[in-house]
Amino acid sequence: MPQTAEIICLRQELEKRKQEKADLERLLYIANQHADFIDARMQIQTDALHESKNKLRKAKEQAEMANRAKSAFLANMSHELRSPLNGILGYAQILQRDPALVDKLKNGVSIIHQSGDYLLTLINDILDLSKIEAGKLEWVKAYFYLPTFLQGIVDLFRLRAEAQEIVFNYESLSPLPSGIHGDEKRLRQILLNLLSNAVKFTQHGHIMLTVGYQSEQTSNSFQEGKLYFQVKDSGIGIAKKDSEQIFEPFRQVGTQNQIIEGTGLGLPIAQKLVEMMGGELKVKSELGQGSTFEFEIKVQASTDLGIPPMTQSPTIIGFNKKSNCKSGITNQENFRILVVDDMWQNRSFLVDLLEPLGFNVLEAQNGQEALTKVYEYSPDIVLMDMVMSTMDGFECSRQIRQDPQLKEMVIIAVSASVFAHHQQACFEVGCQMFLPKPIEIEQLLQGLATYLPLEWIYEEPATLNEPSKIEFSPKGPKKEQLHALWKLVMKGDRQGIKDCANQLKQLDAQLHPFAEHLYHLAENFQIQKLEEFVRQYL
Ligand code: ADP
C-alpha cells in the first residue's frame, strides 16, 4: 500500500511537472511571439530609419546639386555678361581717352560708360549675395587716402544731386586722418549704395553725408579708431513696419509708384559689409520725412601718409623702352604683345588700345593658334583669355610652361570668370597675373609696366581739364604755413582751414586774395577744389 501511495505521489508530482512544463512552454511560446513581434517592430523601425536616412541623403544630394547648379549658373551668367561688357566698357574707355572727341559725343560715350558700369554693378551685386550666402565674401585691406576717397564720392553725388535739383552737402564732424587701413572698394560700395538710395528716393530737399572720426589707441605710427558715416535725406522715408524688411534680399518697400529702379540687393549687401568691418548699419526713418542711415567701423588710421596721389592720373599716350631689360624679356626692337581671345570684339579692343601706344600686337583666337604664334614671334607678353574652345587658356599656358625655353614668358590671364578658385587655377597653370573682365585700362597698363622695361609717356599736363588751378593762383604763404595748412586740408578740418585763412589775412596783406579764396572754398564744402588749390603751392 505504501507503494501505491508513493506511486500516487509520484504521479501527482509528474502531473504537476507536466503542468509546469506546459505552462513554461506556453510562456515560451508567448515570449517567442513577443520576440517575433518585437523583431518585426524593430525591423519596421529599422526600415523606416533607413528610409528616412535615404530620404535625407537624397534631399541633401538634391540640395547640393541645386546649389552646384546655382553656382554654375552664376559663374556662367557672370562670364557671359562680362564678356560683351568688356567690349562695351573697353571701347567707352578708349573713346573717353581720345582728346579729339567732340563734346556732344563725349556726353554720349559717358552715358555708355555709366550704363555699362551700372550693369556691372548689378552682376557684382548678385555675385556678392551668393558669396554672402556661402559665407565666402572676401575683403582686401590696404592703406588708402581718406580725403581723396571722400572727395571722389562727394564730387560724384554733388553732380547727381545737381542733376536732380536737390542739395548735396558734406560735413566732417571732426578732423579726419589722412590714411586709413581698410577695404577701400567695399567701403565705397557701402557709401555708394546708401547715397544712391538717398538720391533715388528724394525728389525735393537735401542729402547730407557726414563723416566723423574718434581715435581710441595710439601706437608709434598708427591709431586705432572709429570712423562714423551718416547719410541723411529728406526723401519719401520708410514706414516703421518696413524698416527691418529693407535689409532682406530682393525686398523693396513702399507703394508701387515709389518703387523706382533697383534690385533690392544694395542694403542687405551693405549691411553684411558693415558687419564684416565690425559695425552695424542702422536706419532711422519716418514716412514722408526722410531717412538716416548710419554706421561706425573700426579702422587703423595714420595721420601722415604724405601727399596723396592726384585724384585723376594723366592719360598715357605712349612709352619709352628702358635699356636694361629684365630676364625673360626678349631684346626685340619693339615689345610684342600676343592677344588671345575667341571673341574678335575683345581682341579688337586690345589692339585698338595697345597699337596706338606703340606696341606690336599679334592676335590668336584660341590656345592652339596662340602656341603657333608664341613659337613664331616670341611675344614679350601673352594676354590670355582662359575660357575658349579648341584649346583653352589653361591648356595653352600649361604647354607654354612645359617648354624650358618659354618658362619665363609672361602670361597675364584676362578672364571674365572672376571667382577666387578660377583665379587660383590660372596661377596654378603658370599665369603671373590675373586681370578681370571688363578690363580696366589703368590696371592693364600697370600690369604691362610691371613686366616690361618701359617708361610711360603721359599727355601734357597743360591739356588736362583743370582750369581752376591755372586761372587762380595768387601769392601763397610760406612753406611751413603751407604744410600746416595742407595737413588741415587732408584732415578735412574746415574750421581749422577757416581759422588759418583769418590768420594769414592778418599776417600779410598780400596774402588776402589767397586767404579769401581759401575761406570761401572751406565755407562751401569745396574739399576737392581746396585740395587742388593748396596742392599747386606745395
Ligand atoms: P534697391 O535700392 O535696389 O531697391 P536696396 O536694398 O538698396 O535696394 O533698398 C531696398 C529698399 O529699401 C528700397 O527699394 C526702398 O524701398 C527702401 N529704401 C532704401 N533706402 C531708402 C531711402 N533712403 N529712402 C526711402 N526708402 C529707401
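Please give me the summed charge of the neighbours of Glu280: other residues whose Cβ is under 15 Å from its Cβ, Lys and Arg +1, Asp and Glu -1. It works out to a net charge of +1. When Met384, Met433, Met391 are arranged by Cβ crowding within 10 Å, least crowded first, meaning fewest neighbours, the order is Met391, Met433, Met384.
Counting beta carbons within 10 Å around each of Leu354, Leu530 and listing the fewest first gives the order Leu354, Leu530. Beta bridges per DSSP, both residues in the chain: antiparallel share near 60 percent. Here's the list of lysines a cross-link from Lys491 could span, going by alpha-carbon distance under 17 Å and ignoring same-chain residues fewer than 8 apart: Lys226, Lys529. For the stretch 133-170, the list of trypsin sites (Lys or Arg not before Pro) that fall in a loop by DSSP and count at most 13 other C-beta atoms within 10 angstrom reads Lys136. Among Lys200/Lys437; Lys232/Lys282; Lys241/Lys282, which pairs are too far apart, with a Cα-Cα distance over 20 Å? Checking Cα-Cα distances, Lys200/Lys437 exceed 20 Å.
Adding -39500 (n - 2.57) for every DSSP H run of four residues or longer, then dividing by how many residues the chain holds, sets the calculated 222 nm ellipticity at -17500 deg cm²/dmol. Each Lys or Arg adds one and each Asp or Glu takes one away; over the other residues whose Cβ falls under 15 Å from the Cβ of Val414, this sums to -4. Scalar couplings 3J(HN,Hα) for the stretch 30-38, obtained by applying the Karplus form with A = 6.51, B = -1.76, C = 1.60 to θ = phi - 60°, are 4, 4, 4, 4, 4, 4, 4, 4, 4 Hz; x denotes Gly and Pro. Counting only aspartates and glutamates at least 8 places from Lys322 when in the same chain, those with an alpha carbon closer than 18 Å to its own are Glu333, Asp380, Glu455. Say a site is exposed when it is one of the GluC sites (Glu not before Pro), sits in a DSSP loop, and has at most 16 other Cβ atoms within 10 Å; what is then the longest site-free stretch of the chain? Longest stretch, sites excluded: 1-137.
Counting Lys and Arg as +1 and Asp and Glu as -1 over every other residue whose Cβ lies under 11 Å from the Cβ of Pro356, the net charge comes to -2.
Quick note: the coordinates plus some simple rules give every number you see, no bench work behind them. Keep in mind that what you see is a predicted model, and the values were worked out from it rather than measured. Because the Cβ atoms are built from the backbone with ideal geometry, glycine has one as well, and the counts that use them run over all protein chains shown.
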